[in-house]
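Here's the structure we're looking at; comments come further down.
The values are calculated or read from the model by the stated rules, or taken from the named source; none is laboratory data. What you are looking at is a predicted structure, and each value in this text was computed from that prediction instead of being measured. Note that we place each Cβ from the backbone using ideal geometry, even for glycine, and neighbour counts take in every protein chain shown.
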Amino acid sequence: MAYQDILDGIYNEVIQIENTGKVADYIPELAKVDANKFGIALVDKHQNVFTKGDALEKFSIQSISKVITTSLIFSKIGNDLWERVGYEPSGNSFNSLVQLENENGIPRNPFINAGALVIADLMLDHFENPKKFLLDFVRDLTENPNINYNENVAQSEKAFGYRNAALVNFIKSFGNIKNEPEAVLDFYYHQCSIEMTCVDLAKCFQVFSNNGVIPKSDKKFLSTSKCKRMNALMQMCGFYDQAGEFTFKVGLPGKSGVGGGVVAVFPNHYTVAVWSPKLNKKGNSFYGLETLERLTTETSLSIF
Ligand code: GLU
């Protein structure tokens, strides 16, 4: 497949479309980013890397980090995970509180904020130094020892994180958070502040397109069954309340973040990451979705 030609063509098409999205500004530090950045990176199953545009610039991966922490906990505790968090699409926005009351503090899935906070709580319980462990793990997956937290972004989110604070306290009132809310939030804000380039991100998700094996070390991190379930979760829950539309138009498992990043996985074929900070009304990168819809349509490569 002539991936470079395909990326070049799609980039040139998408950049002509008027971008009606808006940069997320509820985390003030995120609003400082150049709104016109646009990068794409695709890594094929032989680890060949194809790039276009601003694919080597770092951005805040935000919610995309939820896939990584969930996979770490799933690999560690297996199906016990599903006693603390569900695996159904939520149909609500990422930071919604409304379902939690009726569902007794068990979040619908690990990719809405409520679920990610429960996963953060589990990270604190299962890893001695969870921040260091997470960073070492993503450095391994990306093959980039320079991946780091962005302390300014973490602190900026903390300063305005009233809704996440409400979520964690509410869930704790049901007994589904074991650690102190402050500690859970601190971990959560740091995981969201991790910075990667499109190339890092596409490499990071290779493990999910490679049956749970980390390509570089050949280490089996997730069983084939667990890897299947991680991809199923991304398919159903990766795009907030636009997961249905993403499946409908793109047809790949994936995850977005409010930093404007989107990553998608075509099992046994490729991973692709797009970054463009302007978000549509559902909080997903406007150009990111345009790009991926074209990619699967023009290549006829999607899981459906
Ligand atoms: N840190 C962000 C928040 O909790 C993540 C949201 C996202 O990327 O969807 O609001």
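Filter segment 22-40 down to residues that are among the hydrophobic types (A, V, I, L, M, F, W, C) and over 26 Å from N12 (Cβ atoms) and give me whichever is surrounded by the most Cβ atoms within 10 Å (Cβ to Cβ).
Ranking the candidates gives L30 first.
Quick check on F187: is it within 16 Å of the ligand (Cβ to nearest atom) and at pLDDT 95 or above?
So F187 fits the description; yes.
Within segment 66-80, work out how many residues are crowded, with 24+ Cβ neighbours inside 10 Å and under 30 Å from I6 (Cα atoms).
Here the count works out to 2.
Mind listing whichever residues of segment 124-138 are part of a helix (DSSP H, G or I) and over 13 Å from S65 (Cα atoms)? Show your work before the answer.
Filtering segment 124-138 down to residues part of a helix (DSSP H, G or I) leaves 124-126, 130-138.
Listed by number, the residues that qualify are L124, D125, H126, P130, K132, F133, D136.
Take E83 and tell me if it is of a type in the set (D, E, K, R), surrounded by fewer than 18 Cβ atoms within 10 Å (Cβ to Cβ) and without any contact (Cβ under 8 Å) to a residue 24 or more places away in the chain.
On the way: of a type in the set (D, E, K, R): yes; surrounded by fewer than 18 Cβ atoms within 10 Å (Cβ to Cβ): yes; without any contact (Cβ under 8 Å) to a residue 24 or more places away in the chain: yes.
So E83 passes the test.
Could you list, in sequence order, all residues of segment 107-118 that are part of a loop (DSSP other than H, G, I, E, B) and within 12 Å of the ligand (Cβ to nearest atom)?
If the condition is that a residue be part of a loop (DSSP other than H, G, I, E, B) and within 12 Å of the ligand (Cβ to nearest atom), then F111, I112 are the ones that fit.
Is there a residue being surrounded by 14 or more Cβ atoms within 10 Å (Cβ to Cβ), more than 21 Å from the chain's Cα centre (by Cα) and on the phi < 0 side of the Ramachandran plot anywhere in segment 41-53?
No.
Residues in segment 140-169 that are over 19 Å from A120 (Cα atoms) and part of a helix (DSSP H, G or I): how many?
Going through segment 140-169 one residue at a time, the tally reaches 4.
Given the criterion more than 12 Å from the ligand (Cβ to nearest atom) and under 20 Å from the mean Cα position of the chain (by Cα), identify the matching residue among N92, N104. Reasoning before the result, please.
Details: N104 fails: under 20 Å from the mean Cα position of the chain (by Cα).
Exactly one of N92, N104 is more than 12 Å from the ligand (Cβ to nearest atom) and under 20 Å from the mean Cα position of the chain (by Cα), namely N92.
Kindly indicate whether D121 is more than 14 Å from the ligand (Cβ to nearest atom), of a type outside the set (F, W, Y), in a helix (DSSP H, G or I) and within 25 Å of V265 (Cβ to Cβ).
Values: more than 14 Å from the ligand (Cβ to nearest atom): yes; of a type outside the set (F, W, Y): yes; in a helix (DSSP H, G or I): yes; within 25 Å of V265 (Cβ to Cβ): no.
It is false that D121 is more than 14 Å from the ligand (Cβ to nearest atom), of a type outside the set (F, W, Y), in a helix (DSSP H, G or I) and within 25 Å of V265 (Cβ to Cβ).
Which of (1) away from the ligand (no atom under 16 Å from the Cβ); (2) under 19 Å from S63 (Cβ atoms); (3) of a type in the set (D, E, K, R) does E128 not meet, given it meets every other one?
Here E128 clears every test but (2).
Residue by residue, here is whether (1) in contact (Cβ under 8 Å) with a residue 24 or more places away in the chain; (2) more than 19 Å from the chain's Cα centre (by Cα); (3) under 30 Å from P215 (Cβ atoms) holds:
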residue	(1), (2), (3)
K131	yes, no, yes
D136	no, no, yes
L141	yes, no, yes
P145	no, yes, yes
N148	yes, no, yes
E157	yes, no, no
V168	yes, yes, no
I171	yes, yes, no
G175	yes, yes, no
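Could you check segment 14-28 and list, in sequence order, the residues that are more than 16 Å from the ligand (Cβ to nearest atom) and either under 13 Å from L289 (Cα atoms) or under 22 Å from the mean Cα position of the chain (by Cα) (or both)? If you could, list the steps in order and put the result at the bottom.
Residues of segment 14-28 more than 16 Å from the ligand (Cβ to nearest atom): 14-20.
Hits for segment 14-28 are V14, I15, I17, N19, T20.
Conditions tested, residue by residue: (1) more than 15 Å from the ligand (Cβ to nearest atom); (2) part of a helix (DSSP H, G or I); (3) under 30 Å from K220 (Cα atoms).
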{"residue": "Y11", "(1), (2), (3)": "yes, yes, no"}
{"residue": "A31", "(1), (2), (3)": "no, yes, no"}
{"residue": "S63", "(1), (2), (3)": "no, yes, yes"}
{"residue": "S75", "(1), (2), (3)": "yes, yes, yes"}
